[in-house]
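Notes follow the structure.
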Number of protein chains: 2
Amino acid sequence: MSEQNPLDLPEGDPFGPHNLPYGVFSPAGSADPAAGSASGSAAGSAAGSAAGAAGGSAPVAEGRRVGVRLGSYVLDAGAAAAALGSPYVSLLAQPTLNPLLAAGRRTWSDVRRALTTWVTVPAHRDAIRPLLHPLSDVTLHLPFDVADYVDFYASEHHASNLGRMFRPDAPAPLTPNWKHLPIGYHGRSGTVVVSGTDVVRPTGQRKTPADATPVFGPSAKLDIEAEVGFVVGAPSTLGTPVPLADFREHVFGLCLLNDWSARDIQAWEYVPLGPFLGKSFATSVSAWVTPLEALDAARVAPPERTEPLLPYLDDSAESASDGPGGYDLRITVTLNGEVVSNPPFSTVYWTAAQQLAHMTVNGASLRTGDFYGSGTVSGPSPDQFGSLIELTWNGRDPLELPSGKRTFLEDGDVVTLSAWAPGPGGTRVGLGEVTGRVAASR
Amino acid sequence: MSEQNPLDLPEGDPFGPHNLPYGVFSPAGSADPAAGSASGSAAGSAAGSAAGAAGGSAPVAEGRRVGVRLGSYVLDAGAAAAALGSPYVSLLAQPTLNPLLAAGRRTWSDVRRALTTWVTVPAHRDAIRPLLHPLSDVTLHLPFDVADYVDFYASEHHASNLGRMFRPDAPAPLTPNWKHLPIGYHGRSGTVVVSGTDVVRPTGQRKTPADATPVFGPSAKLDIEAEVGFVVGAPSTLGTPVPLADFREHVFGLCLLNDWSARDIQAWEYVPLGPFLGKSFATSVSAWVTPLEALDAARVAPPERTEPLLPYLDDSAESASDGPGGYDLRITVTLNGEVVSNPPFSTVYWTAAQQLAHMTVNGASLRTGDFYGSGTVSGPSPDQFGSLIELTWNGRDPLELPSGKRTFLEDGDVVTLSAWAPGPGGTRVGLGEVTGRVAASR
């Protein structure tokens with residue numbers, strides 16, 4: 001424990017009591033056979049293993065517990081609830097966020113209100129202080145058991161850039177359906193890993209028009225996708241769609257997401273049934289889930305819609321939702337420590353509420369732990385593109401970095417996404433970063 | 001309990017002691033709030049709810065237990081293990097097959113050998129008889145918690161038929177990648193439901209070239225897909241591919257699968273990222289998982305490969321696998337009780353072992369409960385097509401049935417898939433049927 005009073009956070013700390021993101025951690029020295037060997041750092045990097053994503057069939061290590069981030073500390077939330085006699089101990093003294101996620105919106109608000117009291121009211125200081133662990137001493141885990149994982153394609157600038165690259169002869173960069181529905185597909189939930197987990201370069205088939213037959217080997221076009229992911233808490237009933245206005249009844253919070261992509265594998269496999277092995281090898285998520293309630297000051301109107309929408313997607317009427325559907329999240333992408341892009345999430349065309357309404361309009365049900373990504377976030381200008389394939393225009397214009405020239409990722413490269421959003425009263429709300437290092441193919 | 005000695009099964013019963021498929025059931029009268037209201041029948045129909053698919057986050061009803069089918073009875077496998085002092089009680093006295101699935105191949109064999117002894121050795125008859133429940137008295141549930149669900153597209157006849165219909169101007173019915181890799185995509189595991197569950201007609205967007213803008217409403221082209229699904233037991237390590245030869249170390253068994261499809265929704269949404277809402281509303285699986293060990297006599301060589309394969313998919317060498325990769329499963333599709341097709345699984349081009357090797361070649365890990373479908377099984381002749389879109393050639397040639405003319409499914413239609421495979425000594429091995437009724441959109 002630091003000598004400094006950890007509740008006296010620096011003025012303007014983006015992880016102050018106005019934020020309170022949730023994660024799952026093991027304290028220093030706790031035995032956790034499922035955890036990776038690296039420990040977390042104050043910057044929020046973390047290590048875990050695929051076992052953390054194994055859902056109900058994984059053995060849950062005893063050391064794991066729900067934590068709430070405060071500055072560069074983690075509050076043991078279940079222990080705090082127990083120490084203060086809170087009824088929420090049953091939701092917080094858990095090895096995963098799923099019980100809290102399943103509890104629903106009213107409980108999410110009540111728990112957040114209680115936590116705010118615990119960390120701000122001076123009378124609780126002596127009880128809370130011993131329950132704070134320096135981030136640098138803990139191991140961070142995948143915060144929730146991922147049920148289904150869906151990835152959208154909601155940034156108009158990203159989709160247009162890829163259309164220009166891959167369908168140069170098409171009448172328009174966007175496919176005809178793009179402005180009518182948020183295009184998405186299911187990804188692999190079993191390979192969602194927590195920030196800090198190494199990403200092994202995938203191996204597979206690729207074939208360019210110049211190749212007579214497919215070539216096999218490690219991907220030569222390993223890329224990043226800077227995204228925002230939304231975490232579903234409350235489930236829904238099979239056969240019954242979830243309307244736009246119910247978004248905040250079901251979605252608990254959001255986090256940063258790097259949907260690593262092997263462009264060469266994807267290009268050869270994806271017609272006609274979509275991406276598969278080009279994406280399924282790893283998806284990295286932040287160790288911290290920011291509740292939507294912490295982001296009320298960041299809500300903004302989405303971009304102007306240039307095609308009329310069917311009623312189930314039309315968020316232009318006041319009654320369709322309980323506020324603007326966009327979020328003003330300022331993302332930064334670094335490669336080996338150098339900033340390569342600043343994608344603005346506010347420019348994304350389809351909102352998370354529209355994605356949820358679309359995903360369920362056919363009657364598909366939601367489960368606690370469902371997780372869906374926005375798709376790559378790219379702004380209109382080249383320094384706002386959220387993938388290397390856009391930043392280098394499919395390798396034509398390499399990035400010149402101190403660590404060398406880059407078209408796609410090389411073994412040993414470290415990619416980190418971070419972000420902040422406007423908070424109440426001029427504050428900033430920090431999002432937990434997501435970082436990963438590329439390891440050589442096995 | 002029947003007066004007839006249930007262990008004296010009729011000669012040649014396809015669910016005799018040479019079969020022993022596993023499921024999960026609740027006995028008559030047990031309270032199970034998550035179960036549907038319908039009860040099973042001797043024919044194997046069953047009812048369940050989406051909660052059965054909710055994995056680790058679902059409350060597991062106390063009445064659920066592992067059962068083994070014997071003729072028209074279910075043996076309470078955990079109770080049998082307890083009665084006979086077997087060490088396998090911890091794997092079998094469970095509300096889901098997942099602990100057994102996770103135990104691995106050697107244990108699967110040992111448990112199967114024990115079960116065979118229990119139901120065939122006369123000395124055990126008095127202990128076993130009271131633990132048999134008539135199928136008509138029990139409720140059958142989703143037998144395992146589904147982790148990731150993947151659907152392949154492995155039948156050459158099916159893929160060619162769809163290519164001819166949808167890409168008539170293409171140089172060939174198959175896409176250029178089709179003979180080089182088993183094309184697949186991830187589906188929604190949260191909407192996998194057990195046989196007997198009603199399927200609510202999905203609502204969504206569709207747009208034909210004749211429509212100026214998308215049309216919204218219940219799908220007008222609801223279809224079936226007759227498939228075989230493979231159940232993964234033993235997990236694998238993230239970053240490390242599973243070779244062809246290790247197929248039977250990881251895959252426990254198979255079952256019939258109806259991957260309901262809304263062709264009109266799918267046609268409008270699927271470019272460029274593949275099927276999404278056209279498939280995600282429901283996938284029905286049999287209540288019974290047949291262990292691969294029961295199907296050794298059904299193993300056959302797959303169709304001749306007409307393109308050379310990369311080494312990780314090449315099953316032509318003896319050393320690549322431990323036997324032929326195909327399975328001779330004879331499927332029957334009925335619509336409102338009338339046989340409409342007899343798809344032969346032996347004609348499917350890509351084997352389940354090749355699908356597993358492909359699915360993991362990029363390093364994607366397997367989890368206990370991963371489930372993958374073959375894609376629609378269609379034979380070469382029109383009475384062997386596994387979907388209505390093929391049987392009616394996209395509605396051009398309606399089926400004339402006693403229940404009326406059909407292009408696609410109407411509300412109230414009941415679709416049932418059943419199958420058998422050659423067993424040892426001239427027996428037949430029955431697969432559990434999968435049935436479902438179409439309910440009107442809500």
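The values are calculated or read from the model by the stated rules, or taken from the named source; none is laboratory data. Here the structure is a predicted model, which is why all the values come from computation and not from measurement. Cβ: placed from backbone, ideal geometry, glycine included. Neighbour counts: every protein chain shown.
Data for the structure
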| item | result |
| --- | --- |
| For residue B:1: the one exception among (1) surrounded by fewer than 18 Cβ atoms within 10 Å (Cβ to Cβ); (2) part of a loop (DSSP other than H, G, I, E, B); (3) modelled with pLDDT of 85 or more | (3) |
| Residue in region A:162-182 that is out of contact with any Ser or Thr (no Cβ under 7 Å at 6 or more places or on another chain) and assigned to a strand (DSSP E or B) present | no |
| Of the criteria (1) at pLDDT below 95; (2) surrounded by 22 or more Cβ atoms within 10 Å (Cβ to Cβ), which one residue B:271 fails | (2) |
| Region A:292-341: number of residues that are of a type outside the set (Asp, Glu), away from chain B (no Cβ under 14 Å) and outside any strand (DSSP E or B) | 19 |
| Unique residue being among the aliphatic types (A, V, I, L, M) and over 27 Å from residue B:415 (Cβ atoms) when the list is B:287, B:294, B:301 | B:301 |
| Pairs with Cβ under 6 Å, 6+ apart, first in region B:258-273 and touching a residue at least 40 places away in the same chain (Cβ under 8 Å) and assigned by TED's automatic domain parsing to the domain that holds residue B:410, second buried (at least 23 other Cβ atoms within 10 Å of the Cβ) and of a type in the set (Ser, Thr, Tyr) | B:258/B:284; B:259/B:283; B:262/B:219; B:264/B:219; B:265/B:219 |
| Selected residue [closer than 30 Å to residue B:374 by Cα and of a type in the set (Lys, Arg)] from B:113, B:129 | B:113 |
| Residue match in region B:122-144 (condition: more than 24 Å from residue B:381 (Cβ to Cβ), within 26 Å of the chain's Cα centre (by Cα) and of a type in the set (D, E, K, R)) | yes |
| Residue match in region A:169-183 (condition: small (Gly, Ala, Ser) and either within 14 Å of chain B (Cβ to nearest Cβ) or surrounded by 23 or more Cβ atoms within 10 Å (Cβ to Cβ) (or both)) | yes |
| Selection status of residue A:25, in a loop (DSSP other than H, G, I, E, B) and either at pLDDT 95 or above or over 25 Å from residue A:429 (Cβ atoms) (or both) | no |
| Count of region B:184-200 residues which are at the interface with chain A (Cβ under 7 Å from one of its Cβ atoms), under 15 Å from the mean Cα position of the chain (by Cα) and within 16 Å of residue B:152 (Cα to Cα) | 3 |
| Number of the exception - residue B:219 against (1) touching a strand residue (DSSP E or B) at 6+ places or on another chain (Cβ under 6 Å); (2) hydroxyl-bearing (Ser, Thr, Tyr); (3) closer than 30 Å to residue A:190 by Cα | (3) |
| Qualifying residue in region A:369-380 (condition: surrounded by fewer than 19 Cβ atoms within 10 Å (Cβ to Cβ) and either within 18 Å of residue A:155 (Cβ to Cβ) or assigned by TED's automatic domain parsing to the domain that holds residue A:153 (or both)) | yes |
| Matching residues, region A:148-202, being of a type in the set (S, T, N, Q), in contact (Cβ under 8 Å) with a residue 40 or more places away in the chain and out of contact with any Gly (no Cβ under 9 Å at 6 or more places or on another chain) | A:161 |
| Where residue A:237 falls short, out of the listed (1) in contact (Cβ under 8 Å) with a residue 40 or more places away in the chain; (2) over 25 Å from residue A:325 (Cα atoms); (3) at the interface with chain B (Cβ under 8 Å from one of its Cβ atoms) | (2) |
| Conditions (1) within 12 Å of chain A (Cβ to nearest Cβ); (2) of a type outside the set (Ser, Thr, Tyr); (3) farther than 30 Å from residue A:178 by Cβ; number of the one not met by residue B:260 | (3) |
| Residue tally, condition free of Cβ contacts under 8 Å to residues at least 60 places away in the same chain, more than 10 Å from chain B (Cβ to nearest Cβ) and crowded, with 18+ Cβ neighbours inside 10 Å, over region A:203-226 | 0 |
